[in-house]
C-alpha cells in the first residue's frame, strides 16, 4: 500500500468537519448576494435613457465591423456576390419598429448561410438598444450549413436583448430547403403558418427570451415528411412561478439508495435557471422527499419556504423570495389531483414519467389553508391538508413537518457582506509612493499589509500569517480600481467586510518562504472590446521571497531593480510591449543570489501558446483561439497579437496565456467519443464581485446577450466535421491544427437545452453526442441502466492499473450493496406491473 | 451514507489527484495545497448540485473547477481562500516529508532529473546558450556576442536545446494527465 500524504489527510479532516457543519446542521444563514439579472442590468442602464427619449426615434449609425476571414471557417465565409434578402418582411411585435428579414448567401464550399436582421430604408442591419440602426456586415452574424437529409439546412432561434424581457426578441428562422410544403411555428400564441421565401426560408418574431417562448417549428418537406425542430425545450416537468420569470421543475424517480424500500420514489423541486435566474449558486431548492407508492397513492410536501431556509440541509432556499410549494409524486392509480384553498380550485398535472407533481404559490399563502384532493382510478377520493406519507431522503424516516415559518422578504443585497482577508496587524499597513508608467497616465499606488488569517468561526488559535497587497489609482483622495466604461471601484481599507470585491491579494507566509515569489503580469488595454486591442502599459505586481534583498525583475529589457516595501510587495509599471514577456525575479537571500525562473508568475501558463483553432467573438472583440500543447496544456482564450491570452473586459486588462483551461476532463457520455467536448460558460465581470457589469458597446449596438458559451473539442483524426446544434443555431466546424481542435463561441449562456453534436467520420458514418456543460445534468436513467452503470464502474475500477489496492477497495466497497438494491427494485417493478410510475 | 459522508468519500477518492494535478501546474506544493482546499470548498458549497451527478461528471466538474482556480491564481498571483475562510477550514502546513512525497507523486523530482539529464546531454555550447537566453533572458545578439558566434548560430543552439528539453518533458506531461 502506498504511503499516505499526511497533510492531505489533515486537510481531509478539516473538509470533513466543514461538510458535517454545512451539510448536517440546521444553522440558518442567508445566501450569497444575488447578482442582477440581465433584465435588471439593462433596466439600470436604460431607465435614464428611456426617460429622456419619450418617443422612440431611430437614427442611423456607422456600419458594424465585419469579422476577419481568418477567424471563420474557410469554407463557411459567405461570398458577397451571392448575397440577397429572402424578402420575408416580418413585422416586429411593436408597431413602427423596422421589419425583420433573413439574409441569404452561399459560401465558397457550397454551404447556405443566413443572417437575421432588420430592414430600414433598404438596408439590412439591427436597431441597437440605443435606438441607432447599424448595417450588419456580411459574415458577422451569419451561420452556414450544408443541406441535411431529412431536415432543414439551417434552423435557429436568435435572441436579441431588450430594455425589458418583453422588449427582447426571439427570432425563429431557418432554411428548410427548396420544395418545402409548409413551415408552422408554435409559440405562446399558438400556431402560425409562416410564409416561405427562397429555398424554403422562414422567419417568425416573438416578444421575450427563447426560454420564455420555447418555440418549435414543424416543417413539411416536399416529400411530405414532417420534421419538428424545438428550441430551448426542457424535458423537465415544470410549473410556472406566480411572479412569472423562470419556471420551476420537479424531477425524480426510483430511490435506489441504501435502505430504500423497493417501492420508494423520490422527487425534488427547484427553480429553473434562465436569463432572469442565471446563476446556479443562487437557485432556490426545495428538499428532496421520498415515499412508498405501493402503500400510498401519493406522497406530498405542502410547505412555505422563506429566505434562509434549508441552509446546511443540502437544499438551501438561499436569499430567494418566499414561496409556498406543493410537490410530491403520485402512483399511476391517481387519475387526477385538485388543489383548493388559494383562489379557484386548480388541477395539478401529474408527470406520467416519474409521477411528479408541483404547484408554486406566492409565499403569503399559508400551506395550512390548502387542500389537495386525489381522485383514484377506482373512484375513491383522498384529501390531504398537510404534508403526507413523505420520507426524508437518505434516512427514509418520516418527515416531521416543521411549524410554518412567518413570511419574510429576502435580505437586500447591499446588506450582505463577505469576510475580509483579515484586519492588518497594527503598524504593518503601508501605502507606497505613486508609480508612474513610462508613457505617463495615472500613477499607480501599492498598498500592502500583514494580517493573521483565521477561517470564519475560529477566533482562537494562532491563525496563519499572511502578506497582502492591493493596488489602484488615487481619485479624490481614495484608492480606486479603474474599470472600463464604468465608475471606478473604491478599494476599502483592508479588514472591513464588504459586499464588493476589495481586490485584496494575499499569500500565506508559508507560500512566500522557500525562496518563492508570487507575481502577476497584467496589461491595460486602450479598448478591451476591440478586435485588435492596443496595449497601453504593463503592471507587474507581487511579493518577493520573504527577507530577500536586491530584487531584480528579469525578462523585461535590462534587469530592473524593484522597490520592495516593508511587506515584501512591489509594483512596477512597464511599457505595454512587455505584456507577453517571460519574466522572473533575481534576488539575494541569506547572502546568496538566486535567479530561478519565476515559480508563481507566468512561466507555467505556456507563453507563446498559438491558436490551432479560432472563432470570431460574437461581440466583435478579439477572436477566440484554442490550442493544445503536448497532452497537458489545452487552453482557450482570446487571440491578441497572435497569442492566446485572457482578456478581462470589465477590468480592461490582458494577460498572456489562456484564460481558461480545457484539460480533456470535459463531460462526456459514450465509451470512446470521437470528440472530447467541453462546454464552459464565461460569465461576465468575473473577478469584480458585487459590481454590476455595465453594458458593453456590442451589447448596446448588436443587442447580444451578456456572457458567452464556449464549446471546445479535441477530435480524433478520422473526424471530418462536427455540426453543433444549439438553441441559437446550427454550425458545422472542421477540426483544425495538428491536434484536430474545434472551438465555437456563442453570445449568452445556454441555460436549458444542452447542445448536441453530429460528428461526420471519414468513412461516411455519423455519430451524435450531447455536449454536456459545466452545469448540465445527466438525463434520468432507468433502474436497468443504473445496474449497468454499477457493473461498468466495478469493471473499470478493477482494471485500472493506476489504482492502489486500497483505492480499489474504497471505490468498489459499496457497489455490491447498491447493485442488490437496484435488483430488488427491478424485481418489484416486474412483479407489480403498473403499480409504480415509469421512470 | 449521508451527504457529509458522500462528500468525504469524494475527497478521499479525488483529493490526491487534484493535488497532483495542481502541483504539476504550479510546481509549488504549498500553492497547490491551498488551491486544492479552495477547490473542495467550492465543491462543498455546490454539493446540492454535485450530489446529483454521476461519478464521472463529479470528477470532471472538480477538475474544471481546479483548472479555473489555477487560471485565476495565474492572473492574480495570489491564492483565493474566500470559501475556505467562509467554511472555517484551516489549511494544514505541509512538512518537508509531505512536500517530498507530493513532489514525488507529481513527478516533479523525475521532471527535474530528466531535465538535468537532458541538459547534461547537450553540448556545453548549447547549455551556455540556453542559460543566457532562457535564464538570463538576454537578446540573441547578446547571446551571440557572449558566445562569439553569429546570431543565427546562437538561435540554432537555443532552438535545438529547447527542442531536446521539450521532448524530454512530453512523456511526463502525458503521464501526469493520465494520473489526474
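Every number in this text was worked out from the coordinates using simple rules, so none of it is lab data. Predicted, not measured: the structure shown is a model, and the values here were computed from it. Quick reminder, even Gly has a Cβ in these numbers, built from the backbone with ideal geometry, and neighbours come from all protein chains shown.
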remark   = Quick note on A:474, A:219, B:99, ordering by fewest other C-beta atoms within 10 Å, gives A:474, B:99, A:219
query = Relative to a virtual label point 7 Å from the Cα of residue A:13 in the Cα→beta-carbon direction, which members of region B:31-46 show backbone nitrogen distances below 11 Å?
reply = none
ask   = Percent antiparallel among DSSP beta bridges with both residues in region A:56-230, to the nearest 5?
value = 95 percent
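If R0 is 30 Å, what FRET efficiency do you get for residue A:193 and residue A:79 from their C-beta distance, rounded to 0.05?
0.40
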query = What is the average number of partner chain Cβ atoms found within 10 Å of a Cβ in B:13-22?
reply = 3
ask   = For residue A:767 and residue A:349 in the same chain, what is the full-extension length gain: residue separation times 0.36 nm, less their Cα-Cα distance, in nm?
value = 146.9 nm
message = Between region A:372-386 and region A:549-593, what is the separation of their alpha carbon centroids in Å?
response = 77 Å
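Quick check on the exposure proxy: order A:201, A:59 from fewest to most C-beta atoms within 10 angstrom.
Sorted ascending by nearby Cβ count, the order is A:59, A:201.
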ask   = Taking 0.36 nm per intervening residue step and subtracting the Cα-Cα distance, what contour gain separates residue A:397 from residue A:106 on full extension?
value = 98.3 nm
inquiry  = Highest mean first, how do B:26-38, A:523-535, A:78-90 rank when packing is the count of other Cβ atoms within 10 Å averaged over residues?
reply    = B:26-38, A:523-535, A:78-90
query = Say R0 is 30 Å: what FRET efficiency, to the nearest 0.05, do residue A:589 and residue A:530 get from their beta-carbon distance?
reply = 0.10
request  = Run the quick spin-label model on residue A:409 and residue A:835: label points 7 Å from Cα toward the beta carbon, then report their separation in nm to one decimal.
outcome  = 5.2 nm
message = Can you compute the modelled spin-label distance between residue B:131 and residue A:225, with each label point 7 Å from Cα toward Cβ, in nm?
response = 7.1 nm
Gain in span if fully extended, residue B:145 to residue B:100, counting 0.36 nm per residue against the direct Cα distance = 12.1 nm
query = What order do you get for A:381, A:119 when you list them from fewest to most C-beta neighbours inside 10 Å?
reply = A:381, A:119
